[in-house]
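A short write-up of the structure that comes next.
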Amino acid sequence: MATTLISGGTVVTATGRSAADVLVDGEKIAAVLAPGSTLLGQDLARSVDTVLDAAGKYVIPGGIDAHTHMQMPFGGTEASDTFETGTRAAAWGGTTTIVDFAIQRYGERVMDGLAAWHEKAAGECAIDYGFHQIIGDVNDDSLKAMNSLLDEGVSSYKLFMAYPGVFYSDDAQIYKAMRVGAETGLMTMMHAENGPAIDAMVAELLAQGKTDPYYHGVARAWQMEEEATHRAIMLANLTGAPLYVVHVSAKQAVEQLAAARDNGQNVFGETCPQYLYLSLEDQLGAEGFEGAKWVCSTPLRSKHEHHQDHMWQSLRTNDIQMVATDHCPFCMKGQKDLGVGDFSKIPNGIGSVEHRMDLMYQGVVDGKISLERWVEITSTTPARMFGMYGTKGVIAPGADADVVIYDPNGHTSIGLEKTHHMNMDYSAWEGYEIEGHVDTVMSRGKVVVNNNEYLGSKGHGQYVRRSTSQYLV
Ligand code: DUC
Ligand code: ZN
Ligand code: ZN
């Protein structure tokens, strides 16, 4: 087994930072040692196969993006990143594990959906991957199938309160699924927006000739998110199901989550970089059809209402526990342009899987979160939340050697089409400058990115079997 010493860096975990060397043996971290340590009198740097110099740099556990949609069929098309292109882009950005969503569509069987997603991903991924299970048709058969998900290494399932006629579950279906969630220990993930009311508002706006991308944000008002978040929390309270609300963007929804947590409920929230940096006015409201680049759901919120500041604050105070991307890219040409003249036909999604670690590091530079909190919300909490901690999300002996060497003195200009690796014909992040740089990325002991060179390969990534959440009290 090949051995590597990551020497001279500052190891950062969710709980602290220290000068330390990291010894990697094969796919695992073997030891975290005082700098310059010897082993049985031997100079380690001389006895390992490879030394990676991390002097002046941070050594952190690889990023875990727990919310991606590679090649997801949606909005009359399919997300433009495949498991191959999307995981390669993730690796470039310092993410070493994704948790994607297997889908059971209406009329299909849950296990068939899961098998289909295994088929799409197997042998394609550059980094490790797991699955959550979308239950798009809650019925007796799917409720029964939920009992087998844990045996498949799937410890979380997702419901939608939005998208009537596609993935939507009504309150009775949510109630029934949450009953099973509570019994089995599966984490219930929720897309919390009031879909039927949104659809009524969309029809009104279109009838008034309000067809631009901007109106996507108007129709999906924060009240729609707050109301659904509250309803999900109450149903979870009633059934005892642990609840994780995805892509939280409205400050009022955060307030619902915070109140439930203060009340002792096992309720958690995820936000995404787009809700921290981008806005209804500046992006969705861009000239002409440009705003389509940022059509996603939940939508970007008004900067005048200060949702973005509130979201950063919530990350500091742990009212929001972690950051994922909801990576769901579509090209402008041939995909987003399906909605020219009708915003409701624009496929929903933004591509960010490559930029999450950098964008969140900029929050450290800007004094919005601490260095340790950066690691916590991008790696350690996702691992704990979704039952991977110990193997993933930490630099410690026995953990997978998923390690990033991050240079705080480096620089990353992100966004321009030719400077990113996602399969998109534009970037939602064009022009963003980051005061840091992903130098080296190791996935289970293999260096997959080093000094702006890609060394990974498709098929290296393995399926991660997950256990129940380690975040519950
Ligand atoms: N929201 C998106 O923006 N894309 C995929 C699905 C979703 O809920
Ligand atoms: Zn969603
Ligand atoms: Zn999503």
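The values are calculated or read from the model by the stated rules, or taken from the named source; none is laboratory data. Every value quoted in this text rests on a predicted model; they were computed, and no experiment measured them. With ideal geometry, Cβ positions are generated from the backbone for all residues, glycine too; neighbour counts draw on all protein chains shown. For the accessible areas, the whole protein counts, side chains as well, though only heavy atoms, and no ligand, DNA or RNA atoms are used. Shrake-Rupley method; radii C 1.70, N 1.55, O 1.52, S 1.80 Å.
Might you tell me the accessible area per residue for the chain, computed with a 1.4 Å probe and given in Å²? Walk me through the intermediate numbers first.
Details: 16630 Å² over 473 residues.
Value returned for the chain: 35 Å² of accessible area per residue.
Report the convex hull volume per residue for the stretch 63-385, counting only C-alpha atoms, in Å³. All intermediate terms of the calculation are to be shown ahead of the outcome.
On the way: hull volume 38.7 nm³, N = 323.
So the per-residue Cα hull volume is 120 Å³.
Summarising the label geometry, the points placed 7 Å from Cα in the beta-carbon direction at HIS411 and ASP337 lie 3.5 nm from one another.
Probe radius 1.4 Å, ligands and nucleic acids left out: which of ASP402, ASP199, ASP53 has the largest accessible area, and how do the rest follow? Before the final figure, lay out the partial values.
On the way: ASP402 10, ASP199 75, ASP53 105 Å².
Result, largest first: ASP53, ASP199, ASP402.
Compared with the dominant principal axis of the Cα atoms in the chain, helix 171-184 is inclined by about 30°.
Just want to confirm a number: the relative contact order over the chain, from Cα pairs under 8 angstrom separated by 6+ residues, in percent.
Numbers: 1175 pairs, mean separation 102.4, N = 473.
Rounded, it is 22 percent for the chain.
So what's the angle, to the nearest 10 degrees on a 0 to 90 scale, between helix 356-365 and the longest Cα principal axis of the chain? That helix lies at roughly 70 degrees to the long axis. The antiparallel fraction among DSSP beta bridges confined to the stretch 63-385 stands at about 5%. Computed on the stretch 47-177, with alpha-carbon pairs under 8 angstrom and 6+ residues apart, the relative contact order is 20 percent. Put the Cα centre of the stretch 109-135 next to the Cα centre of the stretch 258-331 and the gap is 26 Å. In whole Hz, what ³J(HN,Hα) sequence does the stretch 133-145 give by Karplus (6.51, -1.76, 1.60; θ = phi - 60°), x for Gly and Pro? Taking θ as phi minus 60°, the curve returns 10, 7, 9, x, 8, 6, 8, 4, 5, 6, 4, 5, 4 Hz for the stretch 133-145.
Roughly to the nearest percent, how much of the accessible area of the chain is carbon and sulfur, given a 1.4 Å probe? Kindly include the intermediate steps, with their values, before the conclusion.
On the way: 8020 of 16630 Å².
Whole-percent figure for carbon plus sulfur exposure: 48.
Principal-axis analysis of the Cα atoms of the chain puts helix 83-92 at an angle of about 50° to the longest axis. Remark: accessible surface ordering of ARG46, ARG373, ARG231, ARG88 (largest first) is ARG46, ARG88, ARG231, ARG373, probe radius 1.4 Å.
Highest mean packing first, where packing is the average number of other Cβ atoms within 10 Å per residue, the peptides 35-41, 217-223 line up as 217-223, 35-41.
Could you sort the peptides 308-316, 156-164 by per-residue average Cβ neighbour count (10 Å cutoff), highest mean leading? Walk me through the numbers before you get to the answer.
Values: 308-316: 19.3, 156-164: 23.0.
Order by mean packing, descending: 156-164, 308-316.
Lysine pair count for the stretch 333-473 (Cα-Cα distance under 23 Å; residues 8 or more apart in sequence or on different chains): 8.
When ranked by the protection proxy of mean other Cβ atoms within 10 Å per residue, highest first, what sequence do the peptides 184-196, 72-84, 347-359 form? Display every interim value, and only then the final one.
Numbers: 184-196: 23.0, 72-84: 19.4, 347-359: 26.9.
In decreasing order of mean packing, 184-196, 72-84, 347-359 become 347-359, 184-196, 72-84.
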